[in-house]
Structure formats: structure tokens, C-alpha cells
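The values are calculated or read from the model by the stated rules, or taken from the named source; none is laboratory data. Nothing here was measured: the structure is a model prediction, and the numbers come from that model. All Cβ positions, even for glycine, are placed from backbone atoms using ideal geometry, and neighbour counts span all protein chains on display. In case anyone asks, the SASA skips ligands and DNA or RNA and just uses the protein heavy atoms, side chains included. Shrake-Rupley method; radii C 1.70, N 1.55, O 1.52, S 1.80 Å.
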Amino acid sequence: MQRLTVAGRLLITALILAAIYFGFKYIGGVDLLKKLAPKNNTEQAADSPSMPSGSSESEDQASTESTASTDTEATDEAGSRPTFSYSPPAPENGKLKGVVELGASGFNSFIITVDPQKNWKLDKSEFGNSLVLENMATDQDIREGLKKYIAQMLNFGVAGRDIHFVVSSGAVKAENTQKIIKALKSLNYVVNTVTPEQEGKLALRSVLPKDFESNAFVVDIGSGNTKISWKEGGKTSALESYGAKYFQNGDDDSKVYNEVKAKAAEIPSANRKTCFIIGGVPFELAKEVRKGKERYTVLNAPSAYKSTEAKTKAGVNIYKAIADGTNCNQFVFDWDANFTIGYLLTL
């Protein structure tokens, strides 16, 4: 080895190293080294369940569960909303009749088809029409306004003799109402006035289906007063209390609540399963939750309604008093009924 040149020594060393390498590879040493070596990130992700991969899976699952939960809540929220699917019998061989309510806040008009069995359906309605009450200083103004109003019903097909006028108990003392009554009489129309008790009974006649007479009651929350009515043993009973504009007289919310609650407590327990409710404030509450063009809308609980409008707040206070006084949890608003339609059904 001492006689070898430097180049020779390097060559021999290279050959020895090459022999060692190939021999080691032959018996699997390199593969063993690879297995012992730390794996890179790509191999870790492919070969083993790592934390990032597991976290991603958890996030996906959580996202899926969250979405499912949201969908379920949305479905539950929409699906849990109660409905009232009753369908009243349709009139057969009926005729058109019209009625106009002279209310404390304006005119409400209704055109119905009614048959001899008193089955009826609503063909046209207008709520809160105050055009006849406004900007009419003289008797002649009122007469002309009434003629135009009546003409709309005549054009719809209602015969003149089948158009009726009813003054609500809350509006009968109003000065403008007395002027309108006088003008209608000059046009040869009969104007019918009703007491609160009569109004409550007429509301029940139009609102309460026969199938519910033994387990339901009726509430009409008007501006001037509220009417509560029910049937027991074939007899109709009706009570009156504050209307939704009680705040204008300085009446306290708690005072009104307590009186209305006490009145509602007089309803027989058997009649408290369902309340059919109508009136201006219930109309506003029903608009918030109505589905399509359904005739009957189940109202939310009183606590669900928040309003800054004075009349609506007062009406909700009355609604709450009735709910608390009866423990009734199904208040059904009827989009078609009105106490004046009850009057038509008595003719």
C-alpha cells in the first residue's frame, strides 16, 4: 500500500465504498434506513391520521351538524307554527248581500253570498275606509260621498234593497256618525244601531262555526269596546269591556288588564279550548304571521308582539288579559268574519 500513488489509493477507497454500498443495499439496509428516517409532511398526511386531518374532519362534521341543526330549527320554527284547517260549508244557490259597518275609525264593508241555510262566503271586503268621514263639512258632502260608496256595491251586483248599514256600538255616539245616519235615512236606507251585547252576539253568529259551539268562545276587539261571547246550552252570552283606544281616555294599562281578565274568567271552562278573534288590532297581529291566503290564522302568544303604536299596544294588553283569564292558548283570527255579517245572517 505504501508503494501506491495517491491516485491509486483514492481509487481503491472508492471501490471499497461502492462495494459496501451495494452489499448493504442488497440485504435491505437502505430500505431499513428509509424506514428509520423521519417522514416528511406529505408522507405523514398520506400514511397516518394526523391532527390537521382529524381537525378538518371534525370541522366538516361540525359544519354539517351545524347546518343540520340550523335547518332543523328553521323547519321546527316554521313547522311548529300551528294551523287551523277548518273549512266552513259553502253556500248553495245563494244570493249577494252587502253590509257597511259604520265604525269608530271608519267604514268596513262586506259583500257575501248567502244561501237559505245561512251558509255564506265572503266575496269582497274593505277595511278602515274613512273617505266618507273625512273632508265632508256639509250634509250635501256626506250625501254625495255615500252615493259613490253605495254605487261601488251596486256595480258589484248587489241589489239596492240588499245593502244594509249597521252602526257599531263604539261609534253610535260620535258626531260624524249621527250626520251619516241622517244622510242615509234621507236616501231611504235603514240604519241599524246595536248595543254592545247585540254586537257580541252578532259577532259570534258570523265567526263561531257550529262544530265549535260547545268548546270555543269569540272575542271582538274594537276601537271603542271589546265584546266577549259564547254559547252554552243553546243560549248566547255576551260581555263588554274596554276597547283598544282606551288610552285616549287616560285609562291605565293595569286597570284595563284586570277588568278584561275578570270578564274573560266568566267564560265557562268548557268553552275555553279555542278563541275565535276578530277586530282591528287582531287584524294587524294576524298580518304578521298569515300564510298565503288562509282564512284562519293562529295568532302568536301576546308576549310575541312588540309594537310602539299606541292602539296596537293597548289591543295586545287586552289580548293578554283574555289569554291569562281563560288559559286559552289557541286564538284563531278569521279573515272573513265581522259582526255585521252576523247581522246579514239574521235577516
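Quick look at the values:
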quantity	calculated
Inter-label distance, nm, simple model (7 Å from Cα along the C-beta direction), K273/F127	2.7 nm
Average accessible surface area per residue within region 231-336, 1.4 Å rolling probe, Å²	48 Å²
Rounded percent of accessible protein surface that carbon and sulfur make up, region 180-231, 1.4 Å probe	45 percent
Solvent-accessible area of E266 with every protein chain in place, 1.4 Å probe, in Å² to the nearest 10	110 Å²
Solvent-accessible surface (1.4 angstrom probe) belonging to D139, in square angstrom, nearest 10	80 Å²
Theoretical FRET efficiency, 1/(1+(r/R0)^6), r = Cβ-Cβ of D253 and K287, R0 22 Å, to 0.05	0.40
R205, R290, R295, reordered so the largest accessible area comes first (probe 1.4 Å)	R205, R290, R295
Nearest-10 value in Å² for the accessible area of Y343, using the 1.4 Å probe	40 Å²
